[in-house]
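The values are calculated or read from the model by the stated rules, or taken from the named source; none is laboratory data. All figures in this text were calculated on a predicted structure; none of them were measured in a lab. Cβ placement follows ideal geometry from the backbone for every residue including glycine, while neighbour counts extend to all protein chains displayed. In case anyone asks, the SASA skips ligands and DNA or RNA and just uses the protein heavy atoms, side chains included. Shrake-Rupley method; radii C 1.70, N 1.55, O 1.52, S 1.80 Å.
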Amino acid sequence: MNKSSIFEPTAAHISAASTILRNGGLVAFPTETVYGLGANAFDANAVAKIFITKERPAFDPLIVHIADLVDLERISSSSDTRVSELAKVFWPGPLTIILPKSKNIPDIVTSGLPDVAVRMPSHIVALQLIKETGFPIAAPSANKFGKLSPTTARHVMKQLSGVEMILDGGACKVGVESTVIRLETDGFRILRHGAITEKMLSTIVPKSQLTEGFDLPQASPGLMKSHYSPDKQLYIVGEHAIPSDTSRAAYVSFMPIEKSGFKMTRSLTLNGELQEAAVGLFRLLHEMEEADVDFIVAEAVPENGIGIAIMDRLRKAAWRFQNPV
Ligand code: TXA
Ligand code: MG
């Protein structure tokens, strides 16, 4: 397989990327959350290449990215007025809404589900790319299935080969994947936590009180217990038994601290700001995956705001090691 290549997001390169997409190819591009691996959402053959490149199981559906609210009509048959209310406040931005799909969306995008996940990213390069190609872009995170999400172009390059163009939009400003919600009759339900929190959503739409018969993995098949894993064992302080010899281990603290006994230490934040921690999360886990250390020990962060999403990703990153199958 050919090596992937990184390009500055100049007008000429965005135009070349949109030509690749129009011809049924794949392009990796920045969003404010993580980098995505995109294909024309209306082209089943192009979308199939995403699953192959990522080694992603066919049961895990993709998010369709739009640049304009009018594009929604081509993707979803929904006439739910709550969508435009949410869009007014949170789009463009890190919110994905699950809606009934239109016939235009091939089954491979939704893994055969009747619903499609839609979001309007806020990264200028993503918006320009979607506008220039002229159709919505189906894109999961641009990593190998189950591995660490990419928050820089280099992270994409590290995991995926054969991607003709990776547009380099710098480090992602949000740092964790979008919040995914479903709209129930009585309100929203969060399927994946992100920067748009329950509290923020509740100011626009009430939270659903329905709990009966709800099975999260079934509602969102990509939400497995193990995900986002570094290639090294990860332990969370206070949640897992940590080996006593840490001389060849890396330590991730929430705030800067003096920590002896570890080969390397890094801090997620300078002053305990949770959004800064979210940006640091995948960046530091990639760094430690690449460093000459045997395992990683991470501190828990406060579970409020985007801290809920950070702990969700950390626990999923650790799960595979703590619960061998
Ligand atoms: O921030 C993000 O959302 C990034 C950027 C690239 O936009 N994308 C992303 O995609 O994280 P991915 O494929 O890594 O995660 C998509 C999540 C999965 O958990 C998947 O199961 C869920 O959204 N999902 C997608 N379509 C769905 C559907 N029709 N019904 C329920 N869940 C769905
Ligand atoms: Mg992903």
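Looking at S84, S78, which one is touching a strand residue (DSSP E or B) at 6+ places or on another chain (Cβ under 7 Å) and either free of Cβ contacts under 8 Å to residues at least 12 places away in the same chain or in the same structural domain as V109 (by TED's automatic domain parsing) (or both)?
S78
How many of the residues making up segment 48-59 are modelled with pLDDT under 95 and either open to solvent by less than 10 Å² (accessible area, probe 1.4 Å) or in a helix (DSSP H, G or I) (or both)?
Qualifying residue count, segment 48-59: 0.
Give just the number: which of (1) open to solvent by less than 40 Å² (accessible area, probe 1.4 Å); (2) of a type in the set (G, A, S); (3) at pLDDT below 95 does A249 not satisfy?
The one condition A249 does not meet is (3).
Please specify each residue of segment 276-304 satisfying the condition of being in a loop (DSSP other than H, G, I, E, B) and in contact (Cβ under 8 Å) with a residue 12 or more places away in the chain.
A291, D292, V293, D294, E299, A300, V301, P302, N304
Of the residues in segment 134-148, how many are part of a loop (DSSP other than H, G, I, E, B), within 15 Å of A48 (Cα to Cα) and within 10 Å of ligand 1 (Cβ to nearest atom)?
Residues flagged as part of a loop (DSSP other than H, G, I, E, B), within 15 Å of A48 (Cα to Cα) and within 10 Å of ligand 1 (Cβ to nearest atom) within segment 134-148 amount to 4.
Determine which member of the set K49, K54 is within 22 Å of the chain's Cα centre (by Cα), charged (D, E, K, R) and closer than 22 Å to G175 by Cβ.
Testing whether each residue is within 22 Å of the chain's Cα centre (by Cα), charged (D, E, K, R) and closer than 22 Å to G175 by Cβ leaves just K54.
Working only within segment 129-160, note down all residues that are over 26 Å from H286 (Cβ atoms) and open to solvent by 30 Å² or more (accessible area, probe 1.4 Å).
K131, E132, G134
Those residues that are of a type in the set (S, T, Y) and surrounded by 20 or more Cβ atoms within 10 Å (Cβ to Cβ), I need them from segment 18-47; list them, please.
Matches in segment 18-47: S18, T31, T33, Y35.
Yes/no matrix, rows are residues, columns are (1) surrounded by 14 or more Cβ atoms within 10 Å (Cβ to Cβ); (2) within 24 Å of the chain's Cα centre (by Cα); (3) modelled with pLDDT of 95 or more:
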residue	(1), (2), (3)
A195	yes, yes, yes
E212	no, no, no
L216	no, yes, no
S244	no, no, yes
L268	yes, yes, yes
L284	yes, yes, yes
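All but one of (1) within 24 Å of H193 (Cβ to Cβ); (2) of a type outside the set (D, E); (3) more than 16 Å from ligand 2 (Cβ to nearest atom) hold for K263; state the number of the condition that does not hold.
If we test K263 against (1) within 24 Å of H193 (Cβ to Cβ); (2) of a type outside the set (D, E); (3) more than 16 Å from ligand 2 (Cβ to nearest atom), just (1) comes out false.
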